[in-house]
Amino acid sequence: MTLKSSKEYIESLRSLNLEAHIMGKKRDSLTEHELVSPSQASVAFTYDAALDPETKDLFCVESPLCNDVINRFSHLHQSAEDLIKKVKMLRYCGINTACCFQRCVGLDAANAIYSTTYDCDKKYGTDYHERFKDYWAWVQKSDLVIDGAMTDPKGDRSKRPGEQLDPDLFLRVTERRQGGIVIRGAKLHQTGMLNSHEILVMPTLTIRPGEEAWSVCCAVPTGAEGIRYIYGRQASDTRKLEEHRLDVGNPVFGGQEVMTIFDDVFVPTERVFMDGEVDFSGLLVERFASYHRQSYGGCKAGVGDALIGATALIARMNGVDKASHIKDKIVEMIHLNETIYSCGIACSATGQATPAGNFQVNMLLANVCKLNVTRFPYELARLATDVAGGLLGTMPSAADLNDPVAGPYIKKYLVANPEYDVVDRMKVLRLIENLVAGAGAVAYLIESMHGAGPPTAQRIMIGRQARLEEKIDGVKRMLSIDGKN
Ligand code: SF4
């Protein structure tokens, strides 16, 4: 049994001694930093859930790789049932944290690398798969958090990696030394990077012949020499630095995105899982993206649950919950949210075994799932804003609530349904604000649009996977149409 407690997890982060640039200053002691610690609490939740008797059946699984019980967040899916359980697990985390809990990216990267290294070895006789198995068995046994690092800065989008004015705009191998390689570049928007023990670096797009230096996949510790971190801002993030927690909206949990610089980082050979095999780069990107598009069918539905719950509660607090148009709006929110979840379950239930033995999601349905996610949370946010009322954007601060002069006026004039306390009403409004316009909207809205690729990327995949010719042939057969006319 290798499961860590959340306390041991936070302690393990502390011992990494990572440093980051945050709001213009270089910071250490990140586990104590007000902007960072809520995001660590979200990841810590995934550790607690694996030890909780009520949820351990969902969060724990026997790993055939290390022959031990592990946290499902590092599992190589062995069946469609495993894929379904993953989606259920993410939904559970979503509703309980109402934010991004970050740990899924490494899980998705591992499953994609596992099957792709197998395929690559078959073609080229390389030994990437065995290397990766050794590495991942260690990750599972140590119950680690892994950052899956895919997104390069990409520079001028009309140019290939080698055509950029600065070739580092796509992460690349700059040197081959005895015993390993040296990589240079950056990965943007890294979810949970500073809450991770290790990084799985992957190419950002399909690499072509002649671009071998950019076709690299490897693992590096977050504390490796040459790595720098620059913390990403979130809307209203400095509310976390204020004395009163009420205005934060989500008082316990939060997300994290980090710009990560690789300034000539040495990677030993045993941690390299692709080095120049350009014809497998696209496959790796596609598989990873599909897993993460499936993930959204769980996590975004879970955060949607929190938004729906808050919206229904504020309707009661406002005394409008019996109005038919309010009930209808909440039903619409539920319908949209369950559609997202249905896609997550569907692409899991129709997943297939890869030649390597782990299970891959149905790529068509995973892309349909994510394309819905680029739209539905925005509509949920619009409906929540509608139901909550204008106070959502104009409410006085928690500091004024505690002011001896302003406070009593706020308490007098913000009374709505007398069954509910004014401060509780303010808490619910702040949570909704957090999700539709504050720090939580980074994960719930902007990330829903761009995380795991923007909508156009899903449209391309849907067009590719949909087997349109079969549909045309079916119609031709039915109508006895031969040839092209
Ligand atoms: Fe996990 Fe969702 Fe965050 Fe991606 S956005 S890391 S799937 S919680």
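The numbers here are math on the coordinates, done by the rules we state, and not lab data. In this text, all values refer to a predicted model and were calculated from it rather than measured experimentally. Ideal geometry is used to build each Cβ from the backbone, glycine not excepted, and the neighbour counts take in all protein chains shown.
Data for the structure
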{"item": "Restricting the stretch 129-236 to GluC sites (Glu not before Pro) in coil, as DSSP defines it, with at most 16 other Cβ within 10 Å", "result": "GLU225"}
{"item": "Residues in the stretch 206-233 reached by a label modelled at GLU19 [backbone nitrogen below 17 Å; 7 Å Cα→Cβ]", "result": "222-231"}
{"item": "Estimated distance in nm for a label pair at GLU175 and HIS335, the labels positioned 7 Å out from Cα along Cα-to-Cβ", "result": "6.1"}
{"item": "Partners for LYS86 among aspartates and glutamates (Cα-Cα distance below 15 Å; same-chain residues under 8 apart left out)", "result": "ASP57, GLU62, ASP108"}
{"item": "Directionally averaged projected area (convex hull, Cα atoms, the stretch 89-229), nm²", "result": "10.2"}
{"item": "Additional length obtainable on full extension of the chain from LEU283 to ILE446, 0.36 nm per residue less Cα span", "result": "56.1 nm"}
{"item": "Electrostatic dipole magnitude of the chain [Cβ: Lys, Arg +1; Asp, Glu -1; Cα centre; debye, to 20]", "result": "1060"}
{"item": "Table column - 3J(HN,Hα) (Hz), the stretch 202-207, Karplus curve with 6.51, -1.76, 1.60, x for Gly and Pro", "result": "10, x, 8, 8, 5, 8"}
{"item": "Straight-distance crosslink candidates among lysines, where the alpha carbon sits under 28 Å from LYS88 and sequence neighbours closer than 8 are dropped", "result": "LYS4, LYS7, LYS56, LYS133, LYS141, LYS300, LYS327, LYS329, LYS370, LYS427"}
{"item": "Total formal charge among the other residues, if their Cβ is under 9 angstrom from that of GLY180, Lys/Arg +1 and Asp/Glu -1", "result": "+2"}
{"item": "Kirkwood-Stokes translational diffusion coefficient of the chain, alpha-carbon pairs, 4 °C, 1.567 mPa s, µm²/s", "result": "55"}
{"item": "Most to least packed among 52-62, 334-344, 439-449 [average Cβ atoms within 10 Å]", "result": "439-449, 334-344, 52-62"}
{"item": "Orientation-averaged projected area, Cα convex hull of the stretch 273-379 (nm²)", "result": "8.4"}
{"item": "Simple label model, 7 Å out from Cα along Cβ direction - ASP57 to GLU470, nm", "result": "3.6"}
{"item": "Long-range HN-HN contacts of ALA186 with modeled amide H, under 5 Å", "result": "LEU171, PHE262"}
{"item": "Those Cys residues of the chain for which no other cysteine Cβ falls under 4.7 Å", "result": "CYS60, CYS66, CYS93, CYS99, CYS100, CYS104, CYS120, CYS217, CYS218, CYS299, CYS347"}
{"item": "Reference-scaled alpha-carbon Rg (2.2 N^0.38 Å with N residues) for the stretch 342-485", "result": "1.69"}
{"item": "At R0 = 35 Å, FRET efficiency that the Cβ-Cβ distance of LYS26 and ASP400 yields, to 0.05", "result": "0.50"}
{"item": "Residue among PHE273, ILE22, CYS104 farthest towards the positive dipole end of the chain, charges placed on Cβ", "result": "CYS104"}
{"item": "At R0 = 25 Å, FRET efficiency that the Cβ-Cβ distance of GLU8 and SER79 yields, to 0.05", "result": "0.25"}
{"item": "Cα→Cβ-extended label distance, 7 Å offset, between SER324 and TYR409, nm", "result": "4.1"}
{"item": "Linear extension gain, GLU243 paired with ASP48, 0.36 nm per residue minus alpha-carbon span", "result": "67.4 nm"}
